[in-house]
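K.L.:
Sharing a structure here in structure tokens format.
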């Protein structure tokens, strides 16, 4: 059913998607485009795409499925551009980490009988560093790929078939799919994805200030430190958009954690500390 795919944004996720599609047996054409020429060329060299587009809008028109693998605000910009040039024979989908604004734009710009379909998506997969060179065909294997589809969306038969086919390819890439309401999605990922990132960022930043110049740090800091600060290497360019588009949910999660840390600080010598460890152990066991 799907024979032509355009990937706009050949960074870590876009290039990994191309590699994963090939590994899953996709035999159609994959055209790539990236704002930076180096990332696009890397994707081409790795075999994630067959050709590079000089005109991304033209590449989108000539495809059946357009995968937007760019930061959230760039995704919203592309949605505005694509809505006017694509038709009911097209599907646009994305990999953005927040979904409320993207889902709202999808309802406004797409998903009508005379327009392209839009399927908001979010693979819960990635690495702390970005870039096409780090792409991996197995990145989505065993991961959850979230969708915030609109059950009231009106789609042409061709667009509806593309939505079904894309979901099948996501499963073929090794992912489990789950559908969530956009608000629930953003609330949930604030806890399980965004909060860990900001905790790692804060911890890494404070360590840099307090002991970053200690010559013994590399020897004294063991596996626990490496695991806790791994996400501290994540790029601001990606997380800025997440912070701006999921501010309230992230603030609520951070405030709750601040209260918990204060509780720990105040109970370092009381049985309450044991209770906290028991709760933490229970969460890890479950």
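The values are calculated or read from the model by the stated rules, or taken from the named source; none is laboratory data. Here the structure is a predicted model, which means the values were calculated and not measured. Positions of Cβ are backbone-derived with ideal geometry, glycine not excepted, and every protein chain shown enters the neighbour counts.
K.L.:
Condition first: touching a residue at least 60 places away in the same chain (Cβ under 8 Å) and either buried (at least 16 other Cβ atoms within 10 Å of the Cβ) or outside the structural domain of residue 198 (by TED's automatic domain parsing) (or both). Now tell me which residues in the range 224-239 satisfy that. Full working, then the answer.
P.N.:
In the first step, residues of the range 224-239 are kept if they are touching a residue at least 60 places away in the same chain (Cβ under 8 Å); the result is 230-235, 237-238.
231, 232, 234, 238, listed by residue number.
K.L.:
In the set 161, 153, 143, 137, which member is crowded, with 16+ Cβ neighbours inside 10 Å and without any contact (Cβ under 8 Å) to a residue 40 or more places away in the chain?
P.N.:
On the way: 161 fails: without any contact (Cβ under 8 Å) to a residue 40 or more places away in the chain; 153 fails: without any contact (Cβ under 8 Å) to a residue 40 or more places away in the chain; 137 fails: without any contact (Cβ under 8 Å) to a residue 40 or more places away in the chain.
Unique residue meeting the criteria: 143.
K.L.:
Still on this model: Restrict the check to the range 41-63 and report whether at least one residue is modelled with pLDDT of 95 or more, surrounded by 23 or more Cβ atoms within 10 Å (Cβ to Cβ) and closer than 18 Å to residue 162 by Cα.
P.N.:
yes
K.L.:
One residue is enough: does the range 6-14 have a residue meeting the conditions in a loop (DSSP other than H, G, I, E, B), in contact with a helix residue (DSSP H, G or I) (Cβ under 8 Å, 6 or more places away or on another chain) and without any contact (Cβ under 8 Å) to a residue 60 or more places away in the chain? Steps first, answer last, please.
P.N.:
Initially, the range 6-14 is screened for residues in a loop (DSSP other than H, G, I, E, B), giving 9-11.
Then keep just the ones that are in contact with a helix residue (DSSP H, G or I) (Cβ under 8 Å, 6 or more places away or on another chain); that gives 9-11.
Subsequent filtering for residues that are without any contact (Cβ under 8 Å) to a residue 60 or more places away in the chain retains none.
No, the conditions are met nowhere in the range 6-14.
K.L.:
Considering only the range 39-137, give the helices (runs of 4 or more DSSP H) lying wholly within it that have at least 3 residues that are closer than 26 Å to residue 200 by Cβ and in contact with a helix residue (DSSP H, G or I) (Cβ under 8 Å, 6 or more places away or on another chain).
P.N.:
On the way: elements: 56-61, 72-83, 100-109.
Output list reads 72-83, 100-109.
K.L.:
Then there's this: When you check residue 172 against the structure, is it in contact (Cβ under 8 Å) with a residue 40 or more places away in the chain and out of contact with any strand residue (DSSP E or B) (no Cβ under 7 Å at 6 or more places or on another chain), yes or no?
P.N.:
On the way: in contact (Cβ under 8 Å) with a residue 40 or more places away in the chain: yes; out of contact with any strand residue (DSSP E or B) (no Cβ under 7 Å at 6 or more places or on another chain): yes.
Answer is yes for this residue.
K.L.:
Can you give me the number of residues within the range 202-219 that are part of a helix (DSSP H, G or I), at pLDDT below 90 and surrounded by 10 or more Cβ atoms within 10 Å (Cβ to Cβ)?
P.N.:
2
K.L.:
Cβ-Cβ below 8 Å, separation at least six or inter-chain, first residue in the range 37-50 and at positive phi, second assigned to a helix (DSSP H, G or I): which pairs?
P.N.:
Matching pairs, first to second residue: 47/18; 47/19; 47/22.
K.L.:
May I ask you to list the residues in the range 57-85 that are in contact with a strand residue (DSSP E or B) (Cβ under 7 Å, 6 or more places away or on another chain) and under 12 Å from residue 6 (Cβ atoms)?
P.N.:
59, 60, 62, 63, 64, 65, 66, 67, 68, 69, 78, 82
K.L.:
Out of (1) surrounded by 15 or more Cβ atoms within 10 Å (Cβ to Cβ); (2) free of Cβ contacts under 8 Å to residues at least 40 places away in the same chain; (3) closer than 27 Å to residue 247 by Cβ, the odd one out for residue 186 is which?
P.N.:
For residue 186, the failing item is (2).
K.L.:
Do we have residue 240 as part of a helix (DSSP H, G or I), modelled with pLDDT of 95 or more and within 24 Å of residue 134 (Cβ to Cβ) here? So that I can check it myself, show each step before the final result.
P.N.:
Working: part of a helix (DSSP H, G or I): yes; modelled with pLDDT of 95 or more: yes; within 24 Å of residue 134 (Cβ to Cβ): yes.
Judged against the criteria, residue 240 is a match.
K.L.:
Given the structure, is residue 273 surrounded by 12 or more Cβ atoms within 10 Å (Cβ to Cβ), over 27 Å from residue 184 (Cβ atoms) and out of contact with any strand residue (DSSP E or B) (no Cβ under 7 Å at 6 or more places or on another chain)?
P.N.:
Details: surrounded by 12 or more Cβ atoms within 10 Å (Cβ to Cβ): yes; over 27 Å from residue 184 (Cβ atoms): yes; out of contact with any strand residue (DSSP E or B) (no Cβ under 7 Å at 6 or more places or on another chain): yes.
Answer is yes for this residue.
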